[in-house]
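Enquirer: One structure is given below, represented as structure tokens, and several questions about it will come after.
FYI, it's all coordinate maths here, none of it is from the lab. Source: prediction; values computed, not measured. Neighbour counts are summed over all protein chains in view; Cβ atoms, including those assigned to glycine, are modelled from backbone coordinates with ideal geometry.
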Amino acid sequence: MKCEIVTIGTELLLGDTVNTNAAWLSRQLALYGISLYQQRTVGDNRKRIVKVLRESLEENDIVITTGGLGPTVDDITRECAAEVLGADLVINTEALEKITGFFKSRGYEMAENNRKQAMFPAGSTILDNEVGTAPGCLFEKGNKTLVLLPGPPHELTHMFELHIIPYLEKITGTIIHSRTVRVCGIGESEMEKYVLDIIEASQNPTVAPYASMGECKTQNYSFS
Ligand code: ATP
């Protein structure tokens, strides 16, 4: 299974925001044994986002985007996805109710432009956002999947864990168990000696030794 991450936002290209979403998602996909050969980052420009999404979907089984799901005019990921998928952009009444409720529960009136956050390519599965206003969506077309997730890192990680991990487990038929063993007082090379037999012998579990300030870690991933 080949996946690609498309991070969307001009602030990423300008270096104003460090692209932590790409790093975090890459690590999650590696955990699930999903191949990631390339990442793309694109600014808030309709023509360029459409081009990138089109190419990315042609070359991969799953494309995960982050960013551009906000309420403002530069948030155009939904429109671009609809164009690439050949689907109409339609309002999802359930999503609209949840967004309205989000503001109401905090005592604010919803701005008119927040309605746009409830619009998705027709045929999408809407992914609830319990920690922000922008829902995401998942669209399956033939053997391709396009997933749109919001840019704020705490929303992205929450939604990935809530919606995308179960989806990946379902389509890969795999559950990952991970354990980290922290040691101090010995270096990384010394530590490796103790786990070398597992590192050399096995693909399952896989073992990754890391050195960091004050400690070494072995991360152990097993699949079932
Ligand atoms: P919002 O509902 O807040 O508008 P959004 O989906 O439109 O969400 P963006 O507008 O792209 O997301 O980004 C919102 C916030 O998330 C900004 O502070 C932005 O810097 C941050 N952000 C966006 N993309 C990334 C990324 N790839 N890595 C880290 N932070 C990011």
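Enquirer: Of all residues in the range 11-28, which are surrounded by 14 or more Cβ atoms within 10 Å (Cβ to Cβ), more than 22 Å from Asn45 (Cβ to Cβ), more than 10 Å from the ligand (Cβ to nearest atom) and not small (Gly, Ala, Ser)?
Expert: Within the range 11-28, just Gln28 meets the criteria.
Enquirer: What number goes with the only condition from (1) away from the ligand (no atom under 11 Å from the Cβ); (2) part of a strand (DSSP E or B); (3) crowded, with 18+ Cβ neighbours inside 10 Å that Leu53 does not pass?
Expert: Failing condition for Leu53: (2).
Enquirer: Select from the range 130-149 the residues that are touching a helix residue (DSSP H, G or I) at 6+ places or on another chain (Cβ under 6 Å) and within 13 Å of the ligand (Cβ to nearest atom) and write down the one among them that is nearest to Glu79 (Cα to Cα).
Expert: Among them, the one singled out is Leu148.
Enquirer: Being under 16 Å from Leu149 (Cβ atoms) and either in a helix (DSSP H, G or I) or hydrophobic (A, V, I, L, M, F, W, C) (or both), is that true of even one residue in the range 107-116?
Expert: Restricting attention to the range 107-116, the residues satisfying the condition of being under 16 Å from Leu149 (Cβ atoms) are none.
No, every residue in the range 107-116 fails to be under 16 Å from Leu149 (Cβ atoms) and either in a helix (DSSP H, G or I) or hydrophobic (A, V, I, L, M, F, W, C) (or both).
Enquirer: Go over the candidates Glu161, Glu155, Glu140, Glu169 one by one and state the one that is assigned to a strand (DSSP E or B), closer than 24 Å to Val6 by Cβ and of a type outside the set (A, V, I, L, M, F, W, C). Walk me through how you get there before you give the answer.
Expert: Working: Glu161 fails: assigned to a strand (DSSP E or B); Glu155 fails: assigned to a strand (DSSP E or B); Glu169 fails: assigned to a strand (DSSP E or B).
Of the residues listed, the single one that is assigned to a strand (DSSP E or B), closer than 24 Å to Val6 by Cβ and of a type outside the set (A, V, I, L, M, F, W, C) is Glu140.
Enquirer: Okay, next question. Which of the residues spanning the range 33-44 are closer than 27 Å to Asn113 by Cα and either outside any loop (DSSP other than H, G, I, E, B) or without any contact (Cβ under 8 Å) to a residue 12 or more places away in the chain (or both)? Give the derivation first.
Expert: Within the range 33-44, the first condition is being closer than 27 Å to Asn113 by Cα, and the residues that meet it are 41-44.
Correct list: Thr41, Val42.
Enquirer: Tell me yes or no: at least one residue of the range 160-181 is basic (Lys, Arg) and either surrounded by 14 or more Cβ atoms within 10 Å (Cβ to Cβ) or under 25 Å from Gly70 (Cβ atoms) (or both).
Expert: The first filter runs over the range 160-181 and keeps only residues basic (Lys, Arg), leaving 170, 179.
After this cut, where a residue has to be either surrounded by 14 or more Cβ atoms within 10 Å (Cβ to Cβ) or under 25 Å from Gly70 (Cβ atoms) (or both) as well, the list is none.
No: the range 160-181 contains no residue that is basic (Lys, Arg) and either surrounded by 14 or more Cβ atoms within 10 Å (Cβ to Cβ) or under 25 Å from Gly70 (Cβ atoms) (or both).
Enquirer: Further question: Given Thr41, Thr7, which one is polar (S, T, N, Q), surrounded by fewer than 20 Cβ atoms within 10 Å (Cβ to Cβ), closer than 26 Å to Ile165 by Cβ and near the ligand (Cβ under 9 Å from one of its atoms)?
Expert: On the way: Thr7 fails: surrounded by fewer than 20 Cβ atoms within 10 Å (Cβ to Cβ).
Going through Thr41, Thr7 in turn, just one is polar (S, T, N, Q), surrounded by fewer than 20 Cβ atoms within 10 Å (Cβ to Cβ), closer than 26 Å to Ile165 by Cβ and near the ligand (Cβ under 9 Å from one of its atoms): Thr41.
Enquirer: Can you name the number of the only condition in (1) without any contact (Cβ under 8 Å) to a residue 40 or more places away in the chain; (2) part of a strand (DSSP E or B) that Ile64 fails?
Expert: (1)
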